[in-house]
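In what follows, a structure is listed as structure tokens, so that the remarks can point back to it.
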Amino acid sequence: MTKPEHRDIGFTLNGEEIRFSGTGTERLLDVLRYRLGLPGTKEGCGEGECGACTVHLDGVPVNSCLILVGQVRNRRVDTVESVAPEALVELHTSGATQCGACTPGVVMTARFVIDHPGLLERASVRQLMAGNLCRCTGYDGIIEGIAEALRQEETSP
Amino acid sequence: MTMLFPSDLEEACEMLAASDGKAVPLAGGTDLLVHWPQRFEDHGRTFLDLSQLAELRAIRWSDSALILGGGVTYWQTLGDRAVCDAFPLLEKAGRQVGAVQIQARGTWAGNIVNASPAADGVPVLMAYDAVVELVSTQGEEEIPLSEFYLGYKQMRRRPNQLVRAVRLPRRRHDVEVFEKIGPRRAQAITKLGFAATHSAAGWRVVANSMAPTVCRCRTLEGMLEHGSPIRRPEDLMPAIRQDVSPIDDIRSTAQYRQKVFSRTLFHALFSDEK
Ligand SMILES: Cc1cc2nc3c(=O)[nH]c(=O)nc-3n(C[C@H](O)[C@H](O)[C@H](O)COP(=O)(O)OP(=O)(O)OC[C@H]3O[C@@H](n4cnc5c(N)ncnc54)[C@H](O)[C@@H]3O)c2cc1C
Ligand code: FES
Ligand code: FES
């Protein structure tokens, strides 16, 4: 059981079926960036604290630095590359981005919150965003951008 | 390095037995995979992926208990109104484990088997008298969570056993509190914490980060049971000294931990200005 075993690993990435051969023990983060050519997902800490590596797994935000790619076989992964640019307008205008290192991860968690406003009955936007650290903005711009996007969703039919 | 993908729990047990207990069960990976690229000593190991086993992901109810499968995540319990209503401390503690990304992957069973004295899930499970259901190719075994730990990172689970479920008896509680004291509100490792409950089964007071393992505080429970007069936080100190043995470490000091434990417990249970 010491010899690395290669096998076929398949999952749905941004709506497309992906297949490749490997041991399954590479981090999802590294597979996205270095094997599949999607560098939008960033590495900050590599320990689950900063959220720069956030992707959606079956629609829920997770840290791709703490997942081995074998664990997502047959599941759905969506990265920041799948987010339409117009989905970010409120975050642009509220000052949610300065250096941008945290932004891909912030966008992924923010989209999740905006798409599931029911979550706000039990937790605040700030609580839901606590897994995305930002060294620049002081967070107010991020929180305000999300609040604005939520207001827009509410008023649009 | 290799990964094993069992298709059901039975096969997972067989794979674990075939590896002579050497394969490492992998659930959410939020303990095991931290700094993965630098964990050279682990790279040669075989991982047994439990994260897709439907049997382990199930939340079930029996007449007498809530049965959380051994792969149930915090996020699953937070999204289950019946669970949060019947066991509010699961919600209270679950929301304070890391943040959404960690809650979505981290499991209650992983928290138990990781055996950190600072675990936040373990104290609430223990305060609800949880029973750990273990399974292997050799059969099943049940161990009350309060008797599960033998010492720092030592437990009664054998390497060939998997946590199949965590069972919580259904009871009416008239006291349920959980406190986590950390350096900041979110994403912080606990300096000290506790869960306390009261039901017809009596008092349970469970402390974390106060001893080599999360543990029940039997002297405190006895004091509460007998209704000993407690007028100030200091009145709890002799019992606390009996029950726990905190240390000085990078996160806090023994003195701070005992003092703040006495005050937060007093405040939670006896103070009028709750
Ligand atoms: C950023 C961050 C913040 C965190 N914050 C907190 C916090 O606030 N409070 C807290 O308590 N913890 C915290 N943790 C630790 C961790 O998230 C929890 O301990 C979590 O419950 C671990 O579950 P897991 O499924 O990810 O475990 P894994 O990492 O997959 O496994 C942990 C251990 O359990 C074993 N295991 C898992 N499932 C089984 C099973 N069914 N049968 C047998 N063995 C099993 C594994 O072999 C391993 O030894 C944090 C971690 C990170 C990275
Ligand atoms: S890189 Fe994954 S959480 Fe920081
Ligand atoms: S904008 Fe620089 S870290 Fe957030």
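The values are calculated or read from the model by the stated rules, or taken from the named source; none is laboratory data. Quantities reported herein were computed from a predicted structural model and do not represent experimental measurements. In this analysis, Cβ positions are derived from the backbone assuming ideal geometry, glycine residues included, and neighbour counts consider all displayed protein chains. These accessible areas exclude ligands, DNA and RNA; they are computed on the full protein's heavy atoms, side chains included. Shrake-Rupley method; radii C 1.70, N 1.55, O 1.52, S 1.80 Å.
Peptide B:40-47 has a mean shielding of 2, counted as Cβ atoms of other protein chains within 10 Å of each residue's Cβ.
Ligands, DNA and RNA left out, the 1.4 Å accessible surface of chain B is 49% carbon and sulfur atoms.
Springs join every pair of Cα atoms under 10 Å in this Gaussian network model of chain B, and among B:239, B:201, B:65 the largest mean-square fluctuation is at B:201. Scalar couplings 3J(HN,Hα) for the range A:19-28, obtained by applying the Karplus form with A = 6.51, B = -1.76, C = 1.60 to θ = phi - 60°, are 9, 7, 9, x, 7, x, 9, 7, 5, 3 Hz; x denotes Gly and Pro. So how tilted is helix B:254-269 from the main axis of chain B? Cα-based, degrees 0 to 90, rounded to 10. Taking the Cα atoms of chain B, the angle to B:254-269 is about 70 degrees. For the range A:7-81, the Cβ-based charge dipole about the Cα centre amounts to some 200 debye (Lys, Arg positive; Asp, Glu negative; other atoms uncharged). Over the range A:90-157, Cα pairs under 8 Å with separation of 6+ residues give a relative contact order of 54 percent.
Per residue of A:58-65, other chain Cβ atoms within 10 Å of the residue Cβ number 6 on average. Note that the range A:1-153 presents 45 Å² accessible area per residue, ligands and nucleic acids not counted, probe 1.4 Å. The HN-Hα couplings worked out from phi for the range B:241-249 by the Karplus form 6.51 cos²θ - 1.76 cosθ + 1.60 (θ = phi - 60°) are 5, 5, 7, 10, 9, x, 10, 7, 8 Hz, whole numbers, x standing for Gly and Pro. Quick one: if the Förster radius is 56 Å, what FRET efficiency do residue B:63 and residue A:84 give, using the C-beta to C-beta distance and rounding to 0.05? Given R0 = 56 Å and the Cβ-Cβ separation, E is 0.70. Shape call for the range A:83-155 from the C-alpha gyration tensor, a ≥ b ≥ c root eigenvalues: rounded (a/c under 1.5), prolate (a/b greater than b/c) or oblate? Note, shape of the range A:83-155 comes out oblate. Apply the a/c threshold of 1.5 to the C-alpha gyration tensor of the protein assembly as shown and tell me whether it is rounded, prolate or oblate. Because a/c hits 1.5 or more and a/b fails to exceed b/c, the protein assembly as shown counts as oblate. Surface composition of chain A: carbon plus sulfur atoms hold 51% of the accessible area, using a 1.4 angstrom probe and ignoring ligands, DNA and RNA. Taking amide H as placed 1.01 Å from N in the peptide plane, residue B:165 has its amide H under 5 Å from the amide H of B:70, B:133, each at least 5 places away in sequence or on another chain.
Computed over protein heavy atoms with a 1.4 Å probe, the accessible surface of chain B works out to 43 Å² per residue. Taking the helices alone, chain A has a mean residue ellipticity at 222 nm of -7000 deg cm²/dmol, built from -39,500 (n - 2.57) per DSSP H run of at least 4 residues and averaged over all its residues. Between residue A:123 and any residue 5 or more places off or on another chain, the built amide H atoms are never under 5 Å apart.
With R₀ set to 22 Å, the beta-carbon distance separating residue A:140 from residue A:115 gives a calculated FRET efficiency near 0.50.
Amide H to amide H, with H built 1.01 Å from N, residue B:47 comes under 5 Å of B:2, B:3, B:4, B:24, counting only residues 5 or more places away or on other chains. So what is the calculated 222 nm ellipticity per residue for chain B, using -39500 (n - 2.57) for each DSSP H run with n of 4 or more, over all residues, to the nearest 500 deg cm²/dmol? Per the formula, -8000 deg cm²/dmol.
Farthest toward the positive end of the dipole of the range A:1-76, out of A:55, A:71, A:45, is the Cα of A:71, where the dipole comes from beta carbon charges about the Cα centre. Using a ≥ b ≥ c from the Cα gyration tensor of the range B:44-156 (square roots of the eigenvalues), is it rounded, prolate or oblate, where a/c under 1.5 gives rounded and otherwise the larger of a/b and b/c decides, a/b for prolate? Taking the square roots of the gyration eigenvalues as a ≥ b ≥ c, the range B:44-156 is rounded. I'd like to know which of A:106, A:91, A:118 lies farthest towards the positive end of the charge dipole of the range A:83-155, counting +1 on Cβ of Lys and Arg and -1 on Cβ of Asp and Glu. Comparing the listed Cα positions along the dipole, A:106 ranks first.
Springs between Cα atoms under 10 Å define the GNM used for chain A, and in it the highest mean-square fluctuation of A:61, A:39, A:85 occurs at A:85. If one takes the longest principal axis of the Cα atoms in chain A, at what angle in degrees, from 0 to 90 and to the nearest 10, does the Cα axis of helix A:103-115 lie? Relative to chain A, helix A:103-115 is tipped by roughly 70 degrees. Helix A:140-155 and the longest principal axis of the Cα set of chain A meet at an angle near 80°. A simple rule links phi to the HN-Hα coupling: the Karplus curve 6.51 cos²θ - 1.76 cosθ + 1.60 with θ = phi - 60°, which for the range A:124-137 gives 7, 4, 4, 5, 5, 8, 5, x, 10, 8, 9, 8, 10, 7 Hz, with x for Gly and Pro.
What you get for the protein assembly as shown, charging only the Cβ of Lys and Arg (+1) and of Asp and Glu (-1), is a dipole of about 1000 debye around the Cα centre. Dipole check for chain A: with +1 at the C-beta of Lys and Arg, -1 at the C-beta of Asp and Glu, and the Cα centre as origin, the magnitude is about 560 Debye. Interface burial in the range A:103-132 reaches 30 Å² or more for A:122, A:128, A:130, A:131, comparing the full protein assembly with the chain by itself; accessible area from heavy atoms with a 1.4 Å probe.
Pairing chains B and A buries close to 3200 square angstrom of accessible surface in total, based on protein heavy atoms and a 1.4 angstrom probe.
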